[in-house]
Protein chains: 2
Amino acid sequence: MFESAELGHKIDKATFRKEVPKLRAELLDVQYDVLEKKEFPVVILISGVDGSGKGETINLLYSWMDPRHISTLAFSAPTDEERERPYMWRYWRALPPKGKVGIFAGSWYSQPITDRITGRMRRSEMDQLLDDINRFEAMLVNEGALVLKFWFHLSKDAQKQRLKALEKDPRTAWRVTKASYERLKTYDQLQDVAGHVLRVTNTAHAPWIIVEGTDDEYRSLTVGRIVLESMKKRLQQETRAQVPVAPPIVRAIDERNVLTELDLSQALAKKDYERELAKYQGKLSELARDPRFKEKHSLVVVFEGSDAAGKGGSIRRSVEALDARQYQITPIAAPTEEERAQPYLWRFWRHLPRTGRTTVFDRSWYGRVLVERVEGFCSEADWLRAYAEINDFEHQMVAAGAVVVKFWLQISADEQLARFKERQDTEFKRFKITEEDWRNREKWDAYVSAVCDMVDRTSTGLAPWTLVEANDKNFARVKVLKTICERLEAAVKNGDESTK
Amino acid sequence: MFESAELGHKIDKATFRKEVPKLRAELLDVQYDVLEKKEFPVVILISGVDGSGKGETINLLYSWMDPRHISTLAFSAPTDEERERPYMWRYWRALPPKGKVGIFAGSWYSQPITDRITGRMRRSEMDQLLDDINRFEAMLVNEGALVLKFWFHLSKDAQKQRLKALEKDPRTAWRVTKASYERLKTYDQLQDVAGHVLRVTNTAHAPWIIVEGTDDEYRSLTVGRIVLESMKKRLQQETRAQVPVAPPIVRAIDERNVLTELDLSQALAKKDYERELAKYQGKLSELARDPRFKEKHSLVVVFEGSDAAGKGGSIRRSVEALDARQYQITPIAAPTEEERAQPYLWRFWRHLPRTGRTTVFDRSWYGRVLVERVEGFCSEADWLRAYAEINDFEHQMVAAGAVVVKFWLQISADEQLARFKERQDTEFKRFKITEEDWRNREKWDAYVSAVCDMVDRTSTGLAPWTLVEANDKNFARVKVLKTICERLEAAVKNGDESTK
């Protein structure tokens, strides 16, 4: 893996001085092109062994480009806000928006590599995580990002010499600590682990670029040129690269699907409703206060459903049982400008609750495979890959202790028509029915297909869908509450659901 | 202060049941009006003694309005990300955007009250903080917010009875803890402190509303009606209330000002420049690594200046001395949609660095009293009050350990013309001069007035302006670097500059 980075690559200072001015001018130029186009972010990972010139290279990129449009994120110990969210949360929040360059000094690779060397992580666990990382990077590329992953390599001898040289120079001596020499001892282990990591994550869309770190001029010029050429090439690319992450949709050949099988006639009489509602609200209120929940879990509830299916009412009845200081309802409307400059899932990541808290999503990330698919707001490739991305997203939440409960509220076409008419006749202006609601109704069949595909592909063991027969509002509300209680209870009583 | 809240106010359940449906419908209606108009946020503080029904009232507001457009923030111990920023940072980040309702369960008042009761805070310190809070709330109101501050009161007997009642009911018994009874012991102290706090912060624009908490129906209906009436009234208000916070501008009657007094002929020969640059870059690099800096301080550098004054070059020379992993450059362009939905200073608060880190602002919050004033992008009242708001903002940074260094780079009109022409003749397209630059030039005198007023009003002992004679780029860059070093050194060597 690292052989070609132990050849003693170097260039002389004269060549370097000759080459740099042109490189700088071109880099600056292409950086402004990227900034003006605002079509994709540039994500640069700078990793490698100690003393291989990571910091120097980052500082050099700053001096070669316009530093005002670069951000660098170094990741040391996670903050408590980060620790209470999935592993990748801190990296999501650090992603550069379209048009900007984000440098990751230390990245999602740092922790698995360190944990593996120290033995805190098993090989199988690491491989799982690397698999997650591969899919995360595929998502980034599919969302348009240019992802450049650099690994700076030094032979063992070169590392030793470099540390000595740094130590000798009073301007850099501070950088050499006891820890540096300790890492020298684990050099062979690092090579082993890194070799494995790089091999497994050396994907076509985000390959590793291994650079010999011994010679400053060689390393700097190499990185500078690669960054330049990659940005140029990405600018010329007409369409985004599409990394296949989801198999195509296969249709069932009979007419049956998960929605036709629902018994929408199920109903609950008022008296039963009131009794059951009180019962489950009480139970939910208790569960949310359970120390086992408050210390280890969070709750994420997703509401999707046909227009007029009663999402609002169900949400209201559910949160009534909770303390307003412990939950947030996040209604999903059109993304803001800052959200549009990020990968699709970014705007949901930012709302994930801390431990002990609840977020209710009124519509959600499933918009991609529902309205965006049906209305053609995104390409087929985009919504096809969304299934896998969503599963990864939810899996990460669950791994961090979240209980993810997802509801699809289904009503019949007749019931919808009746509710639309009723709303139209109501004087209370807020429930006026819009033209769009009638238009959506015409696409009933397309929505049915989308919902069925969604359930097939995203109802996972860790985050299953609950289909709610919602023709009768009482029945629906109680089913929703009961389901939340059951899922929470299972998580609280069985600590194993969480790997946290 | 609390006399009228010990009269045993109550209403009977029948009246309550009769009143509520109408109140709910009206509240929902006015909430949607606020949401559609998107002109101001509603900030509701719910404070008061234990057991006075704070939680119940919040939950009731949720059930009366559309919970999807309300957020409630409870503030317990600050997270480590919050602890490393000014006291008010966590409240700024929790402010609701325009159109939404934000409920603060516990607020900026909680800590001073608690700290005063336990004796951790001196009376004089508390009074200072209350003064800050008054100005913060004035800012909120001036920015358009509707601020409703509720204080729920109980007589000592009523509180005891209420705790007992809560304890007896199995559904609420969990809420009564040992701490509740301990707070009962400090009842008199709380009354003393709260009485003082409420009196001092009972401003015309954000008065306290004291509500007797004993009777659930009375308290709920009172709060509901006040929220309704206040929102209605605020909606009818044509223009924003203007709370005076800055005296009017007084002109100097001779022609002299801080800019005319600058000796713009100062220059530095290339050789001297290179020596000085290296010297101060080395020094800055050392200071930024000093443990006394890294553990107690952060650095905020503001660059303002005439067009073509060389801000970019000065920033670049300064950050070259720093590790890219420890600083961010924040170029200030037009605010994003999310930023426009917040008070003016919000978009700067969000970029404040954590301890040990640096943020460089390329243009800044001073835009309000410079370009926005000159171009008429905001009202005179808005920019007049900005001086005081900015001083408060910077004062809070310094109190939290930040070293705030502000530069105004000044060139002569002739030098600017020369630079404009040079840029126009340069082929390198990025420095093309725009129409706007020429237009700004015509407003030279207006900008001079704005700059002089700015310096007069915001050059404070804790965050002074440094005017930089920038006709000679070398001279300017060295002066900038030298100033940053001096300010950092003073902070590092004299721990007293920070009150942290």
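For the protein assembly as shown, the equivalent ellipsoid derived from the alpha-carbon gyration tensor has semi-axes of 49, 39, 28 Å in decreasing order.
Using a cutoff of 8 angstrom between alpha carbon atoms and counting only pairs six or more residues apart, the relative contact order for segment B:51-114 works out to 43 percent. Under the simplified labelling scheme, the B:Thr177-A:Lys37 pair shows an inter-label distance of 5.5 nm, with each label point 7 Å from Cα along Cα→Cβ. Across segment A:342-479, C-alpha contacts under 8 Å between residues 6 or more apart give a mean separation that, scaled by the residue count, equals a relative contact order of 31 percent. The modelled label-to-label distance for the pair A:Ser63/A:Arg289, using points 7 Å beyond Cα in the direction of Cβ, is 6.2 nm.
Candidate cross-link partners of B:Lys185 among the aspartates and glutamates, defined by an alpha-carbon separation under 18 Å and a same-chain spacing of 8 or more, comprise B:Asp50, B:Asp115, B:Asp157, B:Glu167. Compactness of segment A:71-116 was expressed as the Cα radius of gyration divided by 2.2 N^0.38 Å, which yields 1.19. Quarter the surface of the alpha carbon convex hull of segment B:270-497 and you get the mean projected area, 13.0 square nanometres. Among the listed pairs A:Lys479/B:Lys13; A:Lys479/B:Lys18; B:Lys37/B:Lys233; B:Lys283/B:Lys493; B:Lys13/B:Lys233, which have their C-alpha atoms separated by more than 20 angstrom in this model? Cα-Cα > 20 Å for A:Lys479/B:Lys13; A:Lys479/B:Lys18; B:Lys13/B:Lys233; rest within. Radius of gyration (Cα atoms) of chain A, expressed as a multiple of 2.2 N^0.38 Å: 1.14. Which of rounded, prolate or oblate describes segment A:278-337 when judged by the alpha-carbon gyration tensor and an a/c cut-off of 1.5? Here segment A:278-337 falls in the oblate category. In nanometers and ordered shortest first, the copy-to-copy spacing of the B:Glu274 label point, defined 7 Å from Cα toward Cβ, is 9.0.
Note on segment B:338-355 and segment A:182-215: Cα centroid distance 39 Å, given to the nearest whole angstrom.
With the contact rule set at Cα under 8 Å and sequence spacing of 6 or more, what percent relative contact order holds for segment B:3-236?
Relative contact order comes out at 34 percent.
Neighbours of A:Arg175 by Cβ distance under 13 Å: Lys/Arg scored +1, Asp/Glu scored -1, total +3. Both radii come from the Cα set of segment B:3-236: Rg as radius of gyration, Rh as Kirkwood radius; their ratio Rg/Rh reads 0.95. Dimensions of segment A:232-389 along the principal axes, based on C-alpha atoms and rounded to the nearest Å, stand at 63, 43, 26, largest first.
Distance between the C-alpha centres of segment B:20-57 and segment B:95-157: 18 Å, rounded to the whole angstrom.
Here B:Lys421 yields copy-to-copy label distances, from shortest upward, of 8.0 nm, the label point defined as 7 Å from Cα along Cα to C-beta. In order along segment A:81-92, phi translates into HN-Hα couplings of 5, 6, 4, 8, 10, x, 3, 7, 4, 5, 7, 4 Hz, rounded to whole numbers, per the Karplus curve 6.51 cos²θ - 1.76 cosθ + 1.60 with θ = phi - 60° and x for Gly and Pro. When the C-alpha to C-alpha distance is required to be over 32 Å, the pairs from A:Lys10/B:Lys421; A:Lys98/B:Lys296; B:Lys270/B:Lys406; A:Lys22/B:Lys473; A:Lys296/B:Lys98; B:Lys54/B:Lys406 that qualify are A:Lys10/B:Lys421; A:Lys98/B:Lys296; A:Lys296/B:Lys98; B:Lys54/B:Lys406.
Each label point was placed 7 Å from the Cα along the Cα-to-Cβ direction; for B:Lys160 and A:Leu462 their separation is 5.4 nm.
The numbers here are math on the coordinates, done by the rules we state, and not lab data. As the structure is a prediction and not an experimental result, all values here were calculated from the model. Because the Cβ atoms are built from the backbone with ideal geometry, glycine has one as well, and the counts that use them run over all protein chains shown.
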